[in-house]
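> One structure is given below, represented as structure tokens, and several questions about it will come after.
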Amino acid sequence: MPANLDELVIRVADICSYKWDMVRNRPWAFLISSFSGGAMVVFGATLALSVSAGVGEHLGPGFANLLMGLVFMFSLVVIMMSGMTLVTADMYIGVIGIFHKRIGWGRFIWGIALGYVGNFVGSMFFMWLISKSGAYAAWPWLAKSHAIGVAKMGYTATQIFVMGIVCTWMLQTAAILFVKAEGDMAKIAMAAYGPLAFVAGMTEHCIANIGFLALPLFQQDVFLEAARQAGQAAPILLHWGFGQYGWAHNQLYTVLGNIVGGILFVGIPFQLVSNAERVKKLYKDKTSFIIKL
């Protein structure tokens with residue numbers, strides 16, 4: 001049977017103990033896990049770009065969003081089933097671990113920072129490889145990639161922040177239900193729901209955006225030349241900075257929104273709704289306090 005809510009928060013705390021033990025005693029293993037997790041996220045971004053180019057113009061933007069979400073499901077499934085690290089999932093895990101006195105705030109912040117660094121490098125490196133392949137240098141994919149960059153980097157700080165909250169509220173709800181589920185098929189279904197929801201819902205995920213929004217910047221010179229040859233009007237130029245249409249502009253407010261969504265709207269509510277007295281009784285019968293995701 002799937003875990004009830006009281007059993008669930010203890011499971012999550014046990015996972016926290018495993019993850020933060022790795023942070024403390026095997027930081028290079030944790031970084032490699034984070035690197036792999038970051039790359040796996042943009043496996044989904046690459047597939048989403050591949051299937052959605054040109055779809056919005058012919059079948060409507062909603063259908064394009066659905067297609068992107070359906071193929072993006074692959075990313076969280078492989079991350080969760082392989083046990084690799086995704087920093088946005090670690091946010092709810094860590095905060096529940098704090099409630100259960102497995103870690104303190106200092107260790108929590110260090111683990112999140114280290115996970116973000118590994119995810120950043122993995123996401124950026126994979127999309128840099130994609131930019132060098134030439135596979136996405138044809139006009140439909142150049143145009144779609146640039147359009148995604150213009151839309152996401154063109155939002156205001158408030159818009160990005162809000163959609164960052166919504167993203168991890170959706171995604172980490174699926175991630176915690178993955179822990180609750182029993183059996184591989186149930187776990188795969190829960191892991192698949194999160195990316196489908198946040199991608200089809202047009203939200204902002206910091207690790208996905210690291211690579212997804214870097215790709216049009218890596219390929220901007222190619223895009224500009226293709227746009228000139230196609231007689232397109234002068235396109236909006238993207239950049240790496242903090243101003244509008246900047247990569248760092250989107251990343252900063254996405255990270256902040258993701259933190260709020262994961263901690264305030266997933267980790268803390270699940271912990272507060274659990275029955276503290278029953279949790280104490282369950283702890284009395286425990287002999288193991290560590291679980292690998």
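> Before we move on, is ALA13 at pLDDT 95 or above and out of contact with any helix residue (DSSP H, G or I) (no Cβ under 6 Å at 6 or more places or on another chain)?
no
> Okay, moving on. Inside segment 122-163, can you point out the residues that are surrounded by fewer than 16 Cβ atoms within 10 Å (Cβ to Cβ), assigned to a loop (DSSP other than H, G, I, E, B) and modelled with pLDDT of 95 or more?
Matches in segment 122-163: THR156 only.
> Taking segment 153-176 as the search range and keeping residues that are of a type outside the set (A, V, I, L, M, F, W, C) and within 15 Å of the chain's Cα centre (by Cα), which one is farthest from VAL77 (Cα to Cα)?
GLY164
> Return the total of residues in segment 116-134 being over 13 Å from VAL41 (Cα atoms) and either among the β-branched types (Val, Ile, Thr) or within 15 Å of the chain's Cα centre (by Cα) (or both).
The number of residues fulfilling the criteria is 2.
> Please go through (1) surrounded by fewer than 23 Cβ atoms within 10 Å (Cβ to Cβ); (2) under 22 Å from GLY38 (Cβ atoms); (3) touching a Ser or Thr at 6+ places or on another chain (Cβ under 6 Å) for PHE74 and return the number of the only condition it doesn't satisfy.
Going through (1) surrounded by fewer than 23 Cβ atoms within 10 Å (Cβ to Cβ); (2) under 22 Å from GLY38 (Cβ atoms); (3) touching a Ser or Thr at 6+ places or on another chain (Cβ under 6 Å) one by one, PHE74 breaks only (3).
Yes/no matrix, rows are residues, columns are (1) touching a strand residue (DSSP E or B) at 6+ places or on another chain (Cβ under 9 Å); (2) touching a residue at least 40 places away in the same chain (Cβ under 8 Å); (3) among the β-branched types (Val, Ile, Thr); (4) more than 30 Å from PRO61 (Cα to Cα):
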residue: ALA89; (1), (2), (3), (4): no, yes, no, no
residue: VAL117; (1), (2), (3), (4): no, yes, yes, yes
residue: PHE126; (1), (2), (3), (4): no, yes, no, no
residue: ALA135; (1), (2), (3), (4): no, no, no, no
residue: SER145; (1), (2), (3), (4): no, yes, no, no
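> Considering only segment 177-194, state which residues are farther than 12 Å from MET73 by Cα and surrounded by fewer than 21 Cβ atoms within 10 Å (Cβ to Cβ).
Scanning segment 177-194 gives LEU177, LYS180, ALA181, GLU182, GLY183, ASP184, MET185, ALA186, LYS187.
> Sticking with this one: Give me the helices (runs of 4 or more DSSP H) completely within segment 1-120, filtered to those with at least 3 residues that are farther than 28 Å from LEU213 by Cα and of a type in the set (Asp, Glu), ordered by residue number.
5-25
> Moving on to the next point. Determine if segment 39-48 includes at least one residue that is over 20 Å from GLN219 (Cβ atoms) and among the aromatic types (Phe, Trp, Tyr).
Checked segment 39-48: no residue is over 20 Å from GLN219 (Cβ atoms) and among the aromatic types (Phe, Trp, Tyr).
> Under 7 Å between Cβ atoms, which residue pairs at least 6 apart in sequence (or on different chains) link something in segment 25-48 that is under 23 Å from VAL199 (Cα atoms) and touching a residue at least 24 places away in the same chain (Cβ under 8 Å) with a partner that is among the acidic types (Asp, Glu) and outside any helix (DSSP H, G or I)?
From residues that are under 23 Å from VAL199 (Cα atoms) and touching a residue at least 24 places away in the same chain (Cβ under 8 Å), there are no pairs.
> Within segment 14-43, how many residues turn out to be more than 21 Å from the chain's Cα centre (by Cα) and either surrounded by 19 or more Cβ atoms within 10 Å (Cβ to Cβ) or of a type in the set (S, T, N, Q) (or both)?
3
> Moving to a separate point now. Of the residues PHE212, PHE198, PHE218, PHE265, which single one is among the hydrophobic types (A, V, I, L, M, F, W, C), modelled with pLDDT of 95 or more and under 23 Å from GLY115 (Cα atoms)?
Being among the hydrophobic types (A, V, I, L, M, F, W, C), modelled with pLDDT of 95 or more and under 23 Å from GLY115 (Cα atoms) holds for just one of PHE212, PHE198, PHE218, PHE265, which is PHE265.
The values are calculated or read from the model by the stated rules, or taken from the named source; none is laboratory data. Fair warning: this is a prediction, and the values are worked out from it, not measured in the lab. Every residue, glycine among them, receives a Cβ derived from its backbone with ideal geometry; neighbour counts consider all protein chains shown.
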